[in-house]
Amino acid sequence: MNMREKLDKIWDDISSYIVANPQELEAFRIKYLGSKGLLKELFTELKSVPNEQKRDVGQLLNNLRIKTEGLFHELKEKLSSTVTDEGTVDYYRPGNEEPIGARHPLSMVRSEIIEIFSRIGYTVSEGPEIEDDWHNFSALNFPPEHPARDMQDTFFVEKGEKEMALRTHTSSVQVRVMENSQPPIRTISPGRVYRNEAISARAHCFFHQVEGLYIDKNVSFADLKQTLLYFAKELFGEKATIRMRPSYFPFTEPSAEVDVSCTICNSKGCNVCKHTGWLEILGCGMVDPNVLEASGIDSKTYSGFAFGMGIERIAQLKYKVNDLRLYSENDVRFLNQFTSEI
Ligand code: DAH
């Protein structure tokens, strides 16, 4: 093999060399370009080449050196554009911090309400947000001319032939539960409701409610009062008390509105309770026998109570949020203020 063939063979080896990381690149440099590398060796050999060939062989060797150096820089370039090798990744560098999200205040309040009632045996039931007239109004004893059915309150939607509505309250779910099961019934129904209202700090076109229903033999108004007192104390603290004011709802008789003692001023009187010492939190009453019968429950054997509250209202009292719009604007500065374990 003459010198030219030998150098061609060496170039074949050099040019097919694969480097995957900086260590291998360094091995390449030492092997071919280092002070004890192959090229150095070849240049030393040049001394023993016959004089008349020295010029040609010297030129070939020089070419090989230039090509090898060029290849070395090319390989180096390629390596630095890939970050998968160990040498360029600093495993001790602190990671980028991921911001931790928080639960929405309405979800937190809903979970807390569910938790409080589940401790006294209430299950959770849900119903559709698009309801028919029967479940939202008629079965709940709303007379045909009742103003709540009005266009001003209710969003109506077409669904095939049938006119449907976005439910205006979660009381519709109690009808569905009674239609599908027999007492004893003890359930709460959290969910979203809709009303055709102009959006402001105090009103929104959608909000959230929790409905409660308890039906069994001999359920009395005293049971209702005691259940709601338990709830108020669990939610607002042991010192909380309640009072009931007579009211009217088509689906309960008698009906009442419930106030809780103002947790903000300890009933001394403040802006939030408008100096009355009391905060209104829910509506309730004994389920009207007409409502029981409409859903297939014998009103001679069974009686029960129902209650309904707004989740935004409770959240407003717990977190002192006075503008309803904040709950649905998804402003991260608002949401970041809430942290929770549930
Ligand atoms: N459905 C009523 C509302 O949306 C709230 C309510 C009041 C529910 C009294 C009840 C009840 O179950 O007994 O304003």
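The values are calculated or read from the model by the stated rules, or taken from the named source; none is laboratory data. Only a predicted model underlies this, so the values are computations on that prediction, with no experimental measurement involved. Heads up, the Cβs are rebuilt from the backbone with ideal geometry, glycines too, and the neighbour counts pull from every protein chain shown. Just the protein is used for accessible areas: all its heavy atoms, side chains included, with ligands, DNA and RNA removed. Shrake-Rupley method; radii C 1.70, N 1.55, O 1.52, S 1.80 Å.
A few points about this structure:
- Lone qualifier among Glu293, Glu329, Glu280 - being within 12 Å of the ligand (Cβ to nearest atom) and either at positive phi or out of contact with any helix residue (DSSP H, G or I) (no Cβ under 6 Å at 6 or more places or on another chain) (or both): Glu280
- Members of region 333-342 that are exposed (fewer than 11 other Cβ atoms within 10 Å of the Cβ) and over 13 Å from Met108 (Cβ atoms): Arg333
- Count of region 302-325 residues, restricted to those that are crowded, with 16+ Cβ neighbours inside 10 Å and farther than 23 Å from Asn136 by Cα, is 6.
- Close pairs (7 angstrom Cβ cut-off, 6 or more residues apart or separate chains): under 14 Å from Ala232 (Cα atoms) in region 307-322, within 12 Å of the ligand (Cβ to nearest atom) and assigned to a loop (DSSP other than H, G, I, E, B) anywhere: Gly308/His169; Gly308/Thr170
- Screening Arg186 against (1) closer than 26 Å to Ala315 by Cβ; (2) in contact with a strand residue (DSSP E or B) (Cβ under 7 Å, 6 or more places away or on another chain); (3) open to solvent by 70 Å² or more (accessible area, probe 1.4 Å); (4) without any contact (Cβ under 8 Å) to a residue 40 or more places away in the chain leaves a single unmet condition, (4).
- Among the conditions (1) within 16 Å of the ligand (Cβ to nearest atom); (2) out of contact with any His (no Cβ under 7 Å at 6 or more places or on another chain), the only one that Gln209 does not satisfy is (2).
- Every residue from region 301-315 that is of a type in the set (S, T, N, Q) and within 16 Å of the ligand (Cβ to nearest atom): Ser303
- A count restricted to region 252-278 and to residues that are crowded, with 17+ Cβ neighbours inside 10 Å and farther than 15 Å from Leu317 by Cα stands at 4.
- Selection within region 169-183 - open to solvent by 10 Å² or more (accessible area, probe 1.4 Å), of a type in the set (S, T, N, Q) and either part of a strand (DSSP E or B) or farther than 19 Å from Pro289 by Cβ (or both): Asn180
Table: residues versus (1) within 14 Å of the ligand (Cβ to nearest atom); (2) touching a Cys at 6+ places or on another chain (Cβ under 7 Å); (3) among the aromatic types (Phe, Trp, Tyr); (4) not assigned by TED's automatic domain parsing to the domain that holds Ile297.
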residue: Ile114; (1), (2), (3), (4): no, no, no, no
residue: Asp133; (1), (2), (3), (4): no, no, no, yes
residue: Phe142; (1), (2), (3), (4): yes, no, yes, yes
residue: Phe156; (1), (2), (3), (4): no, no, yes, yes
residue: Glu161; (1), (2), (3), (4): no, no, no, yes
residue: Arg176; (1), (2), (3), (4): yes, no, no, yes
residue: Val193; (1), (2), (3), (4): yes, no, no, no
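- Identity of the residue in region 220-237, under 31 Å from the mean Cα position of the chain (by Cα) and surrounded by fewer than 16 Cβ atoms within 10 Å (Cβ to Cβ), that ends up farthest from the ligand (Cβ to nearest atom): Gly237
- Picking from residues in region 118-166 that are in contact (Cβ under 8 Å) with a residue 24 or more places away in the chain and over 24 Å from Asn180 (Cα atoms), the one that is surrounded by the most Cβ atoms within 10 Å (Cβ to Cβ) is Thr154.
- Counted as qualifying within region 1-120 are the helices (runs of 4 or more DSSP H) with 1 or more residues that are at pLDDT below 90, namely 3-15, 22-28, 38-46, 51-80.
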